[in-house]
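In what follows, a single structure is set out as structure tokens and then discussed.
The values are calculated or read from the model by the stated rules, or taken from the named source; none is laboratory data. What you see is a predicted model; the values in this text were computed from it and never measured. Positions of Cβ are generated from backbone atoms using ideal geometry, with glycine treated the same way; all protein chains shown enter the neighbour counts.
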Ligand SMILES: [Fe+2]
Ligand SMILES: [Fe+2]
């Protein structure tokens, strides 16, 4: 599915498809529900004021909110290294990357708000543990090489997950994803560059890069969610064109891309059973530990408590800023 | 105005109206006589805060020296695919 111009080419193709579909005429669609189905069948977009089934709205709110929370919590593992980046250049790049993730969170909260929830409600649900974020951000960043491994593998996996979402049937989500995916490309490249530099440095640096890849490989594979057989939300989301590919399809695509990239790095992926399967035209690989995934999602990963405590503290410590901004706006309003 | 389902709203022009409901109807009459759109937003001009083009350099300065925000800043080793 990825042509020579890679993921960015895919994003542009999705944008193109959105324009094409927009020009198409709708056939049929007498009643509200029939019209909704006709729009989705024509690959057009559902917009905020359109009628939509309640469960479509709820599914989207849950998914977009979880996605937004992931971007916000996702700032923490890398933020941990901003003050200790090895050079001013790397520090500026890492700052820019973490800043982008904050931006992604905000685009997504705004997209969720078009469905009739408020950002405050969603943030509250995160803080109370009633909504989740991606399991991957509950792993610690032990060395500088982890910043490289996150960019390459975690942002890489996120891109594979997110590129198909650029074609999602809900307009505001699809448009936010197009913007996000374009920005993600630099995230993956800067990570790859860090690992490439380390892997071609001293023996110690190379060992550090290898160790980071060893630790991040399986948690990255787990980012695609449980295997298809155990995936609860998939079938309906596929029918509504919120989701376009299954968890296992996307995971396979990610593995197939990473093998060659690891070779160029001169690093190995920590899987003795990884090998090309000529019949399937894909790599056979070892599945991640899905029991571990379940544990981490349910709150028992290496850093869950730390991540949530940090978020709650940051939210509480930022209260005076929100209050001051509101008070200032009120005062200005009284004068005008 | 949203020209077609799936595209974002974009600014098309201004008009006068005593209230929001009239503005919406006037916008329809003024800007969609040839079915240019499927949805319209109206916003009172007084509610818009705009930056001035004269201040463009100073205003957008924070982004001017951050070429590393673009993927092309990074060297991709020969032969890497899908990156
Ligand atoms: Fe992101
Ligand atoms: Fe990212």
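Within the range B:23-77, how many residues are in contact with a strand residue (DSSP E or B) (Cβ under 9 Å, 6 or more places away or on another chain) and more than 14 Å from every other protein chain (Cβ to nearest Cβ)? Spell out how you get there, then give the answer.
Kept after step one, since they are in contact with a strand residue (DSSP E or B) (Cβ under 9 Å, 6 or more places away or on another chain), are these residues of the range B:23-77: B:37-41.
Keeping just the survivors that are more than 14 Å from every other protein chain (Cβ to nearest Cβ) gives none.
Selection size over the range B:23-77: 0.
Scanning the range B:7-38 for residues that are surrounded by 14 or more Cβ atoms within 10 Å (Cβ to Cβ) and under 15 Å from the mean Cα position of the chain (by Cα), which turns out nearest to residue A:19 (Cα to Cα)? Restricting to residues being surrounded by 14 or more Cβ atoms within 10 Å (Cβ to Cβ) and under 15 Å from the mean Cα position of the chain (by Cα), the top hit is B:7. Each residue in the range A:88-124 was checked for being away from ligand 1 (no atom under 16 Å from the Cβ) and closer than 22 Å to residue A:48 by Cα, and 11 of them qualify.
When you check residue A:181 against the structure, is it touching a residue at least 60 places away in the same chain (Cβ under 8 Å) and either away from ligand 1 (no atom under 16 Å from the Cβ) or more than 17 Å from the chain's Cα centre (by Cα) (or both), yes or no?
Working: touching a residue at least 60 places away in the same chain (Cβ under 8 Å): yes; either away from ligand 1 (no atom under 16 Å from the Cβ) or more than 17 Å from the chain's Cα centre (by Cα) (or both): no.
No: the conditions fail for residue A:181.
Answer yes if at least one residue in the range A:54-64 is within 16 Å of ligand 2 (Cβ to nearest atom), within 30 Å of residue A:117 (Cβ to Cβ), part of a helix (DSSP H, G or I) and away from chain B (no Cβ under 14 Å), and no otherwise. Checking the range A:54-64: not a single residue is within 16 Å of ligand 2 (Cβ to nearest atom), within 30 Å of residue A:117 (Cβ to Cβ), part of a helix (DSSP H, G or I) and away from chain B (no Cβ under 14 Å). Of the helices (runs of 4 or more DSSP H) lying entirely inside the range B:9-83, the ones with 2 or more residues being closer than 30 Å to residue A:46 by Cα are found at B:20-31.
Please determine whether any residue of the range A:290-304 is without any contact (Cβ under 8 Å) to a residue 12 or more places away in the chain and touching a strand residue (DSSP E or B) at 6+ places or on another chain (Cβ under 6 Å). No - not one qualifying residue is present in the range A:290-304.
Considering only helices (runs of 4 or more DSSP H) fully contained in the range A:217-336, which possess at least 2 residues that are touching a helix residue (DSSP H, G or I) at 6+ places or on another chain (Cβ under 6 Å) and surrounded by 13 or more Cβ atoms within 10 Å (Cβ to Cβ)? I'd like the intermediate steps shown before the answer.
Details: elements: A:234-239, A:247-265, A:290-295, A:304-317, A:319-335.
Of the helices (runs of 4 or more DSSP H) lying wholly inside the range A:217-336, those with at least 2 residues that are touching a helix residue (DSSP H, G or I) at 6+ places or on another chain (Cβ under 6 Å) and surrounded by 13 or more Cβ atoms within 10 Å (Cβ to Cβ) span A:247-265, A:304-317.
Taking each residue of the range A:91-105 that is farther than 14 Å from residue A:77 by Cβ and within 10 Å of chain B (Cβ to nearest Cβ) and looking for partners that are more than 15 Å from ligand 1 (Cβ to nearest atom) and assigned to a helix (DSSP H, G or I) with beta-carbon atoms closer than 8 Å, six or more apart or interchain, yields A:92/B:68; A:93/B:68; A:95/A:82; A:96/B:68. Just one residue in the set B:38, B:43, B:12 is at pLDDT 85 or above and farther than 27 Å from residue A:25 by Cα; that residue is B:43. For the range A:161-175, a residue qualifies if it is part of a helix (DSSP H, G or I) and either more than 13 Å from ligand 1 (Cβ to nearest atom) or more than 24 Å from residue B:73 (Cβ to Cβ) (or both), and the qualifying residues are A:161, A:164, A:165, A:166, A:167, A:171, A:172, A:173, A:174, A:175. Considered as a group, the residues in the range A:76-126 that are within 16 Å of ligand 2 (Cβ to nearest atom) and not in a helix (DSSP H, G or I) include one that is modelled with the lowest pLDDT, and that residue is A:80. The single condition among (1) at pLDDT 95 or above; (2) within 16 Å of ligand 1 (Cβ to nearest atom); (3) assigned to a helix (DSSP H, G or I) that residue A:148 does not meet is (2).
Conditions (1) exposed (fewer than 15 other Cβ atoms within 10 Å of the Cβ); (2) at pLDDT 85 or above, marked per residue:
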site: A:5; (1), (2): yes, no
site: A:18; (1), (2): no, no
site: A:30; (1), (2): yes, no
site: A:36; (1), (2): no, yes
site: A:40; (1), (2): no, yes
site: A:45; (1), (2): no, yes
site: A:52; (1), (2): no, yes
site: A:64; (1), (2): no, yes
site: A:67; (1), (2): no, yes
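Exactly one residue among A:155, A:203, A:256, A:228 is at negative phi and within 14 Å of ligand 1 (Cβ to nearest atom), and that residue is A:155.
Picking from A:177, A:223, A:238, which residue would you name as being within 16 Å of ligand 2 (Cβ to nearest atom), more than 14 Å from chain B (Cβ to nearest Cβ) and closer than 30 Å to residue A:112 by Cα?
On the way: A:177 fails: more than 14 Å from chain B (Cβ to nearest Cβ); A:238 fails: within 16 Å of ligand 2 (Cβ to nearest atom).
The conditions single out A:223.
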